[in-house]
1. Can you tell me which aspartates and glutamates have their Cα less than 15 Å from the Cα of K20? Leave out same-chain residues fewer than eight positions away.
2. Comparing G90, G74, G60, which has the greatest mean-square fluctuation in the GNM of the chain with Cα pairs linked when under 10 Å apart?
3. Measuring with a 1.4 Å probe in the full set of protein chains, what accessible area per residue, in whole Å², belongs to the chain?
4. Note down the accessible area of R21, probe 1.4 Å, to the nearest 10 Å².
5. For the chain, count the residues as N, evaluate 2.2 N^0.38 Å, and divide the Cα radius of gyration by that value, please.
6. I'd like the Karplus ³J(HN,Hα) series for region 72-86: coefficients 6.51, -1.76, 1.60, θ = phi - 60°, whole numbers in Hz, and an x wherever there's a Gly or Pro.
7. Which residue fluctuates the most in the chain, going by a Gaussian network model with Cα springs under 10 Å, if the choices are L62, L50, L31?
8. Given Cβ point charges of +1 (Lys, Arg) and -1 (Asp, Glu) and nothing else, what value in debye, to the nearest 20, does the dipole of region 1-86 about its Cα centre take?
Amino acid sequence: MGGCIFCKIAAGEVPATVVKRADGIMAFKDLNPQAPTHLLVIPTDHLASLNDAKDPQLLGRLLAFARDLARDTGIAERGYRVVVNTNPDGGQTVFHLHLHLLGGRPMTWPPG
Ligand code: AMP
Ligand code: ZN
């Protein structure tokens, strides 16, 4: 989608540290990491937010992708957090659906 930064990353038009790609899904390092491990998992086709994701199979694949990345990056056993900020009250700033995978330190609750 024109102007979408994550679409540009998916197309290779904007640089990112890509850590994994699969069919229609990719993961790359967050530019402003909030934890020692902070990856973003996105569908390569544009969807603005979780509200627009109508395909439960895609949502399941995104979640499994994040779970597998947690294992691959060595944070699965100690624990990690998967976050999907949605729309302004959810803290979403980039309107291309993404899962944050955060780990490598203890998380606190409640979130801000
Ligand atoms: P959210 O606030 O949930 O929409 O998260 C957007 C995330 O995208 C933030 O954590 C940003 O640091 C991250 N971000 C924004 N632009 C880029 C970029 N070009 N490459 C990697 N991460 C980015
Ligand atoms: Zn996009």
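The values are calculated or read from the model by the stated rules, or taken from the named source; none is laboratory data. Keep in mind that this is a model prediction, so the values were computed, not measured. So basically every Cβ, Gly included, is an ideal-geometry build from the backbone, and we count neighbours across all protein chains shown. Areas reflect the complete protein model, heavy atoms only, side chains present, ligands, DNA and RNA absent. Shrake-Rupley method; radii C 1.70, N 1.55, O 1.52, S 1.80 Å.
1. Qualifying aspartates and glutamates at Cα under 15 Å: D30, D68, D72.
2. Taking springs between Cα atoms under 10 Å, the residue moving most is G90.
3. On a per-residue basis, the chain sits at 60 Å².
4. Rounded to the nearest 10, that gives 140 Å².
5. 1.01
6. In residue order, the calculated couplings are 5, 8, x, 9, 5, 5, 6, x, 6, 10, 10, 10, 10, 5, 10 Hz.
7. L31
8. About 200 debye.
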